[in-house]
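Input: a single structure, listed below in structure tokens.
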Amino acid sequence: MKKIFSLLNIIKLGIIIMVILCLKNTSSKMEATSTNENVNKSINLSTMALYINKEEEERNNEQALQTYMWGSLDSYTGDLTGYGAYCPLCTGHLACMSSLDLSNGRTTYNDKTYGEVRIVASSKNLPCGTIIRFNSPVISDKETIAIVLDRGVLGNDIDLLTPSEEYASKYVGRSPIPYDVLRFGWVK
């Protein structure tokens, strides 16, 4: 009888050890699964936050670029006149960019930042490469964007390059205009 009780105690002990080992393995698996789900959730939330931050950063960069490109740095008032590339005292070459060919009646320049812009002459008050914006109903019903590529006027006056002297006198004439400076000089 003692041997049966001893054998039963050994069997009970073995069963208890097996139950404990089974529970331990099950709980380890549950913890690993739980931890894994939390890691996945954290990654997904982090990825979502990065995506949202990137979109916001792109919006802010676009707004900053628009402000940089189209915001007025300074404003002036002067007379707007027109001239042709071969006017009296003109050489057919621009003071700031003598290599630009004007022989075909060209009156625009393709700027890297502002695209196709009109060419104007100014005094040395505005450095070569300066971008200006003005409204003149005799030129266009839309605002005009122009680049300073020539000299030959005084003060704050602006002289718009036109296809000919005849065109300048007939369609531009002389009129006072306010204008905004969008960029001083060339972009470096």
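Some observations on this one:
- From the list Tyr109, Tyr83, the lone residue that is out of contact with any Asp or Glu (no Cβ under 6 Å at 6 or more places or on another chain) and among the aromatic types (Phe, Trp, Tyr) is Tyr109.
- Selection from the stretch 154-167 of residues that are among the polar types (S, T, N, Q) and in a loop (DSSP other than H, G, I, E, B): Asn156, Ser164
- Of residues in the stretch 140-160 being touching a residue at least 40 places away in the same chain (Cβ under 8 Å) and within 29 Å of the chain's Cα centre (by Cα), the one farthest from Gly105 (Cα to Cα): Ile158
- Residues satisfying the criterion are present in the stretch 97-104 (criterion: under 17 Å from Ala168 (Cα atoms), surrounded by fewer than 13 Cβ atoms within 10 Å (Cβ to Cβ) and modelled with pLDDT under 90).
- Only listed residue being hydroxyl-bearing (Ser, Thr, Tyr), assigned by TED's automatic domain parsing to the domain that holds Leu80, loosely packed, with under 13 Cβ neighbours inside 10 Å and within 20 Å of Gly84 (Cβ to Cβ), chosen from Ser140, Ser136, Ser123: Ser140
- Cβ separations smaller than 7 Å between residues 6+ apart or across chains give no pair from the stretch 1-26 residues that are surrounded by 10 or more Cβ atoms within 10 Å (Cβ to Cβ) and of a type outside the set (D, E, K, R) to residues that are at pLDDT 75 or above and in a helix (DSSP H, G or I).
- Filtered residues of the stretch 124-153 (kept if part of a loop (DSSP other than H, G, I, E, B) and of a type in the set (A, V, I, L, M, F, W, C)): Leu126, Cys128, Val138, Ile139, Val153
- Every residue from the stretch 129-142 that is out of contact with any Ser or Thr (no Cβ under 9 Å at 6 or more places or on another chain) and at pLDDT 95 or above: Gly129
The values are calculated or read from the model by the stated rules, or taken from the named source; none is laboratory data. Computed from a predicted structure; not experimentally measured. So basically every Cβ, Gly included, is an ideal-geometry build from the backbone, and we count neighbours across all protein chains shown.
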